[in-house]
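These notes concern the structure reproduced below.
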Amino acid sequence: MKNSRSGNTLYVFEPREAGMPENDRLAGTVSYALQGIAVRRPRSYRLPVKAEEGRRLLFVIDLGRSGVNLAYEKMLRAIRMNGDVFAGCTAAMIVDSGNEFYSKETAGELALALSQAGCTLIGHCLVEGTSSLHNFRVRAANFGCSLEEAYRESARDLVSRLLSFQPPQGPSGRDAVLTVLHANKHRTSNSHALWQMVKEPLSGLPVEISEIGLRNGAVQDCSGCPYKMCLHYGEKESCFYGGVMVDSVYPAVKRADALLLICPNYNDALSANLASFINRLTALYRTQDFTDKAVFAIVVSGYSGSDLVAAQIVRALNMNKGFYLPAGFCLTETANDPGEILGVPGIREKAAAFSAVIRSTLLHSKERE
């Protein structure tokens, strides 16, 4: 995708708590990233009733040493309470922390709130600055620069990618491909039953659905091979450990226009097989760009905590692996006993609405023709 640093107005949200110490490092990084860009800075906790479609939004969050920014919390509350306030917008974020904690946690909760508010998140939507900036060691070594310079350049690249990003307009001359990954027992799984409701309206459309089951230890977890070894296998679209990942998953991910993860909440986290899938995806990620692929999720919790699993998917597949996050990327529900999902009030309407999100993402251009 072609980068651009002009021609678009960037809306920059910088919630700042009164009396918060000045963060010269963050201010310098943002100033450098925004050079040559037309910028507007709205009052971040007084959101409009409806944002203009197509707006590009950059969120700059200073967490300080405590990890708590009360102005940010006000903004987050406003986003969560204002429905689709950012419908049609596209966003990215810079999060700076005064220690080694809280930046990814904050970014995950903000990205989830933005998606629920109608906003698209670009792949690799986060640039984070920890206190030490050690998270930029590899980039600094690769480009022969300091940690601070690597931070500034990463922020500048983020802004360019945000301004130039356009969601794929749908495949031309072929069906769109949706790869569905699960590790469920079909007979008893509420998650699987919900997927069947979502799947039904997609039948008859130019969408090829590829479902891959990862149950019963089908995926050996990543053991952290040395970088050069992982890269070597990744260049062959393979992995040292082989198995279903190499035989089925890698080819399916490569062909996919979007991934859909079906995720029962296991102890407020992804199931072991899905977590292993994400870990093993690293070998393919070494040589593949996923930023033009969307990621969706269906999360069913027995009691609570679906937001924790959804945020885990955001951090792992959007922020780390680079899949872009469509508005409303995740359908969440609560159901415990087998079949309970079928009796949830309004569940079929919710499933149909989520199916429509998938359809419009995959077939955007075809629906406009």
If you go through segment 144-156 one residue at a time, do you hit one that is of a type in the set (Phe, Trp, Tyr), surrounded by 17 or more Cβ atoms within 10 Å (Cβ to Cβ), within 24 Å of Gly36 (Cβ to Cβ) and in contact (Cβ under 8 Å) with a residue 60 or more places away in the chain?
yes
Matching residues in segment 42-60 - criterion: being in contact with an Asp or Glu (Cβ under 7 Å, 6 or more places away or on another chain) and modelled with pLDDT of 65 or more
Val60
Of all the residues that make up segment 290-314, how many are in a loop (DSSP other than H, G, I, E, B), on the phi < 0 side of the Ramachandran plot and out of contact with any Gly (no Cβ under 7 Å at 6 or more places or on another chain)?
5
Residues in segment 174-192: is at least one over 30 Å from Tyr266 (Cβ atoms) and not in a strand (DSSP E or B)?
yes
For Ile341, which of the numbered conditions (1) more than 22 Å from Pro206 (Cα to Cα); (2) outside any helix (DSSP H, G or I); (3) not polar (S, T, N, Q) fails to hold?
(2)
For Phe59, which of the numbered conditions (1) crowded, with 23+ Cβ neighbours inside 10 Å; (2) assigned to a loop (DSSP other than H, G, I, E, B); (3) not small (Gly, Ala, Ser) fails to hold?
(2)
Test Leu342 against the stated conditions and say whether it is surrounded by fewer than 19 Cβ atoms within 10 Å (Cβ to Cβ), of a type in the set (A, V, I, L, M) and assigned by TED's automatic domain parsing to the domain that holds Pro264.
yes
Name the residue, out of Ala356, Ala327, Ala352, that is under 21 Å from Gln166 (Cα atoms) and more than 18 Å from the chain's Cα centre (by Cα).
Ala356
Search segment 171-206 for residues being hydroxyl-bearing (Ser, Thr, Tyr) and closer than 11 Å to Cys263 by Cα, and hand back the single one that is surrounded by the fewest Cβ atoms within 10 Å (Cβ to Cβ).
Ser189
Boolean, Lys236 is surrounded by 15 or more Cβ atoms within 10 Å (Cβ to Cβ) and either modelled with pLDDT of 95 or more or not hydrophobic (A, V, I, L, M, F, W, C) (or both):
no
Checking Leu317, Leu260 in turn, the sole residue that is among the aliphatic types (A, V, I, L, M), crowded, with 23+ Cβ neighbours inside 10 Å, outside any loop (DSSP other than H, G, I, E, B) and without any contact (Cβ under 8 Å) to a residue 60 or more places away in the chain turns out to be Leu317
Here are some residues: Leu270, Leu284. Which one is surrounded by 14 or more Cβ atoms within 10 Å (Cβ to Cβ), over 19 Å from Asn184 (Cβ atoms), at pLDDT 50 or above and under 23 Å from the mean Cα position of the chain (by Cα)?
Leu284
Considering each of Ala150, Ala107, Ala140 in turn, give the residue that is under 22 Å from Thr291 (Cβ atoms) and touching a helix residue (DSSP H, G or I) at 6+ places or on another chain (Cβ under 6 Å).
Ala150
Output for segment 157-169, where each listed residue is touching a helix residue (DSSP H, G or I) at 6+ places or on another chain (Cβ under 7 Å) and crowded, with 21+ Cβ neighbours inside 10 Å
Val159
In segment 137-160, is there at least one residue being under 25 Å from Pro326 (Cβ atoms), at pLDDT 95 or above and among the hydroxyl-bearing types (Ser, Thr, Tyr)?
yes
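The values are calculated or read from the model by the stated rules, or taken from the named source; none is laboratory data. Keep in mind that this is a model prediction, so the values were computed, not measured. Positions of Cβ are generated from backbone atoms using ideal geometry, with glycine treated the same way; all protein chains shown enter the neighbour counts.
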